[in-house]
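**Q** Please find one structure pasted underneath; my questions will follow.
Throughout, read-outs are computed from the coordinates displayed, never taken from laboratory work. All values derive from a computational prediction rather than experimental measurement. Cβ coordinates were reconstructed from backbone atoms using ideal geometry, including for glycine residues, and neighbour counts include every protein chain displayed.
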Amino acid sequence: MARHAGSSRRRPWLVAIALTVLIIGLVAVAISLPRVYTVVSVSDGSPQKTGTAVSTPNAGGSTMVALKNLAKPSPSDLQLPAVAPAVPTNISFTVFDTGARKRVSVSDEVVPLSVSQHSDGTWDRVLPSEASLHALTQAAWWQNGLSNEPGSPSRGTTYVYGHSCKNHEEPSWLRCAFDEVSFLHSGDKVTVTTPNGVLTYQVTQNPVQIPKTGNGQLAGSTSVYRAQVNRLVLITCGYAKDPASGTYNSPYNWVVQLMLVQAKEVGR
């Protein structure tokens, strides 16, 4: 009986030792497991990037960190320097055509253009001036209605139109303001200059073809004609060859949508 009582008194010590060993084991496992957390990476002059970081101790005792699902925020999420809205004076960008040839587009003149809205809510077809060869090189900024002056932030979408002479029966030497717009791709940058600063926009999707008449025509497109702060829309003609006559006509428009990603005020 006495021996049995002594064993009972020693049992709590054994339990304590077992618990200590268990706790130490759990801590060791927890330390060795990868740690997952959110990380923000910032580089000079570029937008912040957010994603998931996984840190794993290696054999040398140091920690290795791998970034997963790293992605830039939407352009609409960026905090940009203030540039007061103003009339655009210059639009420029660089693209590569289907032959991998570098093409630079610079519209040194941007002229104002007024557009009327119909009772059914659709807008007039926009036709920049064709009065002269010089007029074909001018971009036209829609100055009323849904369109707004570009700025950071702007009061809404800025719409700019321009002629295209590509795939048209015109002399090869003829240049139009938006010949290169259809070569833009998602991620490309377009620079708009105003008296108040320089604004850089990024293409959010590849150019789309929208018919000028009939079902789904541009005049009634709610995906194009809608109010959105810091948005830029470029519109130009697209051409198709008539198989019967062999001549070119323009049954659709090329439309490119962009969002503001950089802004620099004059003198800064």
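**Q** Could you calculate the contour length gain from S223 to T94, that is, 0.36 nm times the residue separation minus the distance between their Cα atoms, to one decimal place in nm?
**A** Values: separation 129, 0.36 × 129 = 46.44 nm, distance 2.57 nm.
Length difference between fully extended and current span is 43.9 nm.
**Q** Report the extension gain between K241 and R175 in nm, rounded to one decimal, defined as 0.36 nm multiplied by the number of residues separating them, less their alpha carbon distance.
**A** 21.8 nm
**Q** Continuing with this model, one more query. Give me the net charge of G238's neighbourhood, meaning all other residues with Cβ under 11 Å from the Cβ of G238; Lys, Arg count +1, Asp, Glu -1.
**A** +2
**Q** How much length is gained if the chain between Q205 and E265 is pulled fully straight, taking 0.36 nm per residue apart and subtracting their Cα-Cα distance, in nm to one decimal?
**A** Values: separation 60, 0.36 × 60 = 21.60 nm, distance 2.69 nm.
The span from Q205 to E265 would gain 18.9 nm if fully extended.
**Q** Can you put R231, R226 in order, fewest other beta carbons within 10 Å first?
**A** The fewest-first ordering by Cβ neighbours comes to R226, R231.
**Q** Now, a different point. Rounded if a/c is under 1.5, else prolate if a/b beats b/c, else oblate: with a ≥ b ≥ c from the C-alpha gyration tensor eigenvalues square-rooted, which is segment 111-214? Mind showing how you got there, number by number?
**A** Working: a/c = 1.40, a/b = 1.13, b/c = 1.23.
Judged from the Cα gyration tensor, segment 111-214 comes out rounded (a/c under 1.5).
**Q** Could you check the simple spin-label distance between A82 and R101, using points 7 Å along Cα→Cβ, in nm with one decimal?
**A** Going by the 7 Å Cα→Cβ label model, 4.6 nm.
**Q** Another question, then. Counting only other residues whose beta carbon sits under 11 Å from that of W141, what net charge do I get with K and R as +1, D and E as -1?
**A** Numbers: positive: none; negative: E109, E149.
Around W141, the surrounding residues sum to -2.
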